[in-house]
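Chemist: Can you keep this structure in mind? I'll have questions shortly.
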Amino acid sequence: MDELVAGQFETEDAYLRHFHVEDLIVAKRLVARSSTGEIEDKTKHLDKGEREAIRLAGEMEVSLLIEEEAGRRVARDLGLHISGIAGQILKAVREEAISVDEASSKLAELRRAGRINRQIYEAVGTAIKNEV
């Protein structure tokens, strides 16, 4: 949350309200550092946000939403289930939270913005079209 809020919003709550996700996202802080172990060793080259997200997902045994490729590699290596924004768009279509047209539009927007590569764009785009 610190990375998302920095420079744009005064508080985490302001960020959540601005994007109308206060009922969808719960920000958790890591309370205490665990002893040096596999997660700390494998994440030391990542920036703080990725390190903490990976550690929290491991501690809570939940899926990790992460985009940065180095972080994704480490998370996979640690056995964490991961997803990115394109995967979440596909999930939203499957759960009928958004339409196929809206999903296709968002996917194209992500591609134009350089947030996803061609391979992901094509793979998820095909999967979305198959949901019709």
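Any read-out appearing in this document is the output of simple, stated calculations on the displayed coordinates, not a laboratory observation. Worth saying up front: this structure is predicted, and the values here are computed from it rather than measured. Glycine gets a Cβ as well: all are built from the backbone with ideal geometry, and neighbour counts include every protein chain shown.
Chemist: Considering only helices (runs of 4 or more DSSP H) fully contained in the stretch 59-132, which possess at least 1 residues that are among the polar types (S, T, N, Q) and within 27 Å of Gly49 (Cα to Cα)?
Modeler: Qualifying helices (runs of 4 or more DSSP H): 85-94, 118-129.
Chemist: Another question about this same structure. Inside the stretch 1-15, can you point out the residues that are among the β-branched types (Val, Ile, Thr) and either in contact (Cβ under 8 Å) with a residue 24 or more places away in the chain or loosely packed, with under 14 Cβ neighbours inside 10 Å (or both)?
Modeler: Passing the criteria: only Thr11.
Chemist: Being in contact with a strand residue (DSSP E or B) (Cβ under 8 Å, 6 or more places away or on another chain) and in contact (Cβ under 8 Å) with a residue 12 or more places away in the chain is the filter here; which residues of the stretch 70-120 pass it?
Modeler: Residues satisfying the conditions are Arg72, Ala75, Leu80, His81, Ile82, Ser83, Gly84, Ile85, Gln88.
Chemist: Go through Val132, Val93 for me and flag whichever is surrounded by fewer than 18 Cβ atoms within 10 Å (Cβ to Cβ) and in contact with a helix residue (DSSP H, G or I) (Cβ under 8 Å, 6 or more places away or on another chain).
Modeler: Val132
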